[in-house]
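Read the structure below first, then the notes.
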Amino acid sequence: MLDPRQLEALAAVVEHGGFGPAAQALKLTLAAVSLRIKSLEDQLGQRLLVRGKRVRATPAGQALLGHVKQVRLMEADLLAGLRGGEARAGERWQSLSVAINADSVSSWFLPGVAPLLARQRLLLEIVIDDQDHTHDALKRGDVMGCVTTRADAMRGCVAEPLGVMRYHCVASAAVVQRCRTPRGALSPHKLLAQPAVIFNRKDALQDAFLEQHIGLKQPAYPRHYVPAVESFETAIELGLGWGMVPEQHLPKHPTLTELLPGATVDVALYWQHWAHEPPSAQRLTAAVKAAARERLAPLAAA
């Protein structure tokens, strides 16, 4: 049997980033936390933590962290059920961790799950990452679910189709004019002479646009990196460069113009989550799927 005190010590060290902060959170001495971790590692016969400037979990440690999160949720759901089901004022809030791409958070995810969060007294810890990389947080055991482009389910997880986010390549009128030939056609040479506005270094949407619609595979061009959705879209409006904006956001930016009208990049999204979910996580999964059905294009349209 695994000792729950040792598991909580492991979780605290990872969640708080070190042994000292974990000891403070658990109201234990540093030596006591270290002893619990060592005893757990000795029992399992393998290292669970990589010690360094910021402590992180090994693959074995990640598996145990996922177990700890599931146990916490199951206990909270059990207590809520014993008190009569739906959460009531004054009861403890439950926390759920998810990994989502920034565009999804603002455009459909939060509007879709907000009623559930308030009704069930659920707290979200949202990890923001590119949709091609959010599954890494699920694999590490940091989150219970993620919005991802990965269709194949990871071990112990289920991958459910959500829908398609459609992106348009847009810019200010002045930038669009600089990218066109005298006859008004898009000039690839002129386009690549203009900076692109990119969310972060993991963002490959602009490269996908260039390859799919212009036939250029990862060409060189100047780039601005603006890792915040509102600031990213503002940078495009200000004429700093061209960029990929989700279709749901375009009504907020009427001054932006498509560089190649009708040429879009469709990104298929999936909800990966634990195969065996506690009731609170099941309710979140249902809300995520319902929100996606309402706000995303169906996968068949991709």
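The values are calculated or read from the model by the stated rules, or taken from the named source; none is laboratory data. Since the model is a prediction, treat every value here as computed from it, not as a measurement. Glycine also receives a Cβ, built like all others from the backbone with ideal geometry; neighbour counts cover every protein chain displayed.
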- Task: Being at pLDDT below 95, among the basic types (Lys, Arg) and more than 22 Å from Ile100 (Cβ to Cβ) is the filter here, so list the residues in the stretch 198-243 that pass it.
- Result: Lys217
- Result of the Cβ filter at 6 Å on the stretch 290-302, keeping first residues that are closer than 18 Å to Gly262 by Cα and at pLDDT below 95 and partners that are among the acidic types (Asp, Glu) and not in a helix (DSSP H, G or I), at least 6 apart or interchain, is Ala302/Asp266
- Query: How many residues are surrounded by 16 or more Cβ atoms within 10 Å (Cβ to Cβ) and either of a type in the set (Lys, Arg) or in contact with a Cys (Cβ under 8 Å, 6 or more places away or on another chain) (or both) if we restrict to the stretch 290-302?
  - Reply: 1
- Condition set surrounded by 19 or more Cβ atoms within 10 Å (Cβ to Cβ) and in contact (Cβ under 8 Å) with a residue 60 or more places away in the chain, scope the stretch 222-236, selection nearest to Asn200 (Cα to Cα): answer is Val229
- Message: Just to be sure before I move on: is Val68 modelled with pLDDT of 90 or more and under 22 Å from the mean Cα position of the chain (by Cα) in the structure I sent?
- Response: no
- Query: Out of the stretch 285-300, which residues are part of a helix (DSSP H, G or I) and among the hydrophobic types (A, V, I, L, M, F, W, C)?
  - Reply: Ala286, Ala287, Val288, Ala290, Ala291, Ala292, Leu299, Ala300
- So which of Pro246, Pro254 is at negative phi and touching a Ser or Thr at 6+ places or on another chain (Cβ under 8 Å)? Pro246
